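Contents: one structure, followed by commentary.
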Amino acid sequence: MKRKLRTFTDYKDLGLSDKVTSQAGRAINKDGTFNIRKRGLRFLEQYSFFHALITVKWWKFYGIIVLTYCILNVFFAFLYMLAGYHNLSGMVAGSFLEQFFESFFFSTQTFTTVGYGRINPVGFTSNIIASVESLVGLMSFALATGILYGRFSRPVEKFIYSDNLLVAPYKDITALMFRIANAKNNVLSNVDVELMLSMNVTENGTQIRKFYELQLERKRINFLTLSWTVVHPVDEQSPLSGYEKQDFIDADVEVLILINGYDDTYGQNVHARHSYKYYEFIWNAKFTPMFKRSDDEQYTILELDKISEYQEMR
């Protein structure tokens, strides 16, 4: 269905191209990252190990630390064996495997500067290896401590979103709406949301991608303590006015979401991104309540597992 789009403010400073043929999929992934894969540079030129270790998931971070620790000690254990086990005073002679484990555990003691004293290096070569390993150990622990502090000191948002965006009746018109909530126990204040519409339109016989700001019923709340249903009324001022379900599909509609808030715990601002594609829209439905009074009516219960629950309207 072709339609002539009325005049609205077209935003060109989002950092996303208006060329439809050069982009694929959604603009923003469900985890908030941009759907971009960079190529053309060598791996070390485009990859930041520090950034990766700061942002990687905790289980991966600990896995990297343990794996690096083991690899370094295995490496130095083989160096001690190449230097000769007789150059490690106090080592119990035995099979190759026993010598390896003796060298490995001596390496861990040297690496961590523990040094129990039963085994000690004898000779120039073994002492050089032990000196280098001590230096590597000190630098490694300093680096790991700095990264660990960076991970703990970095404010991390934990917004959760409804799985779908609803297109529902709203005050005699239609509205787009979705729900967000803070999954952490910290207090987020001065939270504001911006919605941008990404859609394909035809101009002069060429299909291009346009971006429009969507006006909200409420753009900002003082405290995000419960859930927040973000609503965009599809009125005469909306670029989606008059659009039907098939029109959303034809225009490859995507709603881009930017959230900003102030984290009282860290005293810093937090940011989050999210998006909904047209195939994640549910038509003619409304969200079901997700908070209620406690049985003794002394506090409010927020049921975060119900953030995506909705019921269809007849």
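The values are calculated or read from the model by the stated rules, or taken from the named source; none is laboratory data. Everything numeric here is computed off the predicted structure, so don't read it as measured data. Positions of Cβ are generated from backbone atoms using ideal geometry, with glycine treated the same way; all protein chains shown enter the neighbour counts.
Scanning region 121-157 for residues that are in contact with a helix residue (DSSP H, G or I) (Cβ under 9 Å, 6 or more places away or on another chain) and among the charged types (D, E, K, R) yields E133, R151, R154. Examine region 126-135 for a residue that is closer than 25 Å to F50 by Cβ and aliphatic (A, V, I, L, M), and state whether such a residue exists. There is at least one residue in region 126-135 that is closer than 25 Å to F50 by Cβ and aliphatic (A, V, I, L, M).
For region 213-263, a tally of residues being closer than 28 Å to N190 by Cβ, charged (D, E, K, R) and touching a residue at least 24 places away in the same chain (Cβ under 8 Å) returns 7.
So that you can scan it fast, the table gives a plain yes or no per residue for (1) modelled with pLDDT under 90; (2) touching an Asp or Glu at 6+ places or on another chain (Cβ under 9 Å); (3) not assigned by TED's automatic domain parsing to the domain that holds E303:
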residue	(1), (2), (3)
L176	no, no, no
A181	no, no, no
D192	no, no, no
V201	yes, no, no
K210	yes, yes, no
E217	no, no, no
N222	no, no, no
P233	no, yes, no
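Report yes if M81 is of a type outside the set (S, T, N, Q), surrounded by 14 or more Cβ atoms within 10 Å (Cβ to Cβ) and modelled with pLDDT of 85 or more, otherwise no. Against the criterion (of a type outside the set (S, T, N, Q), surrounded by 14 or more Cβ atoms within 10 Å (Cβ to Cβ) and modelled with pLDDT of 85 or more), M81 qualifies. Here Q109 passes the criteria (1) over 30 Å from Y310 (Cα atoms); (2) at pLDDT 90 or above; (3) in contact with a helix residue (DSSP H, G or I) (Cβ under 6 Å, 6 or more places away or on another chain) except the one numbered (3).
One line per residue, one yes/no per condition, for (1) assigned to a helix (DSSP H, G or I); (2) of a type in the set (G, A, S); (3) at pLDDT below 90; (4) assigned by TED's automatic domain parsing to the domain that holds V253:
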| residue | (1), (2), (3), (4) |
| --- | --- |
| A24 | no, yes, yes, no |
| R37 | no, no, yes, no |
| V66 | yes, no, no, no |
| I71 | yes, no, no, no |
| V74 | yes, no, no, no |
| A77 | yes, yes, no, no |
| M91 | no, no, yes, no |
| F104 | yes, no, no, no |
| R118 | no, no, yes, no |
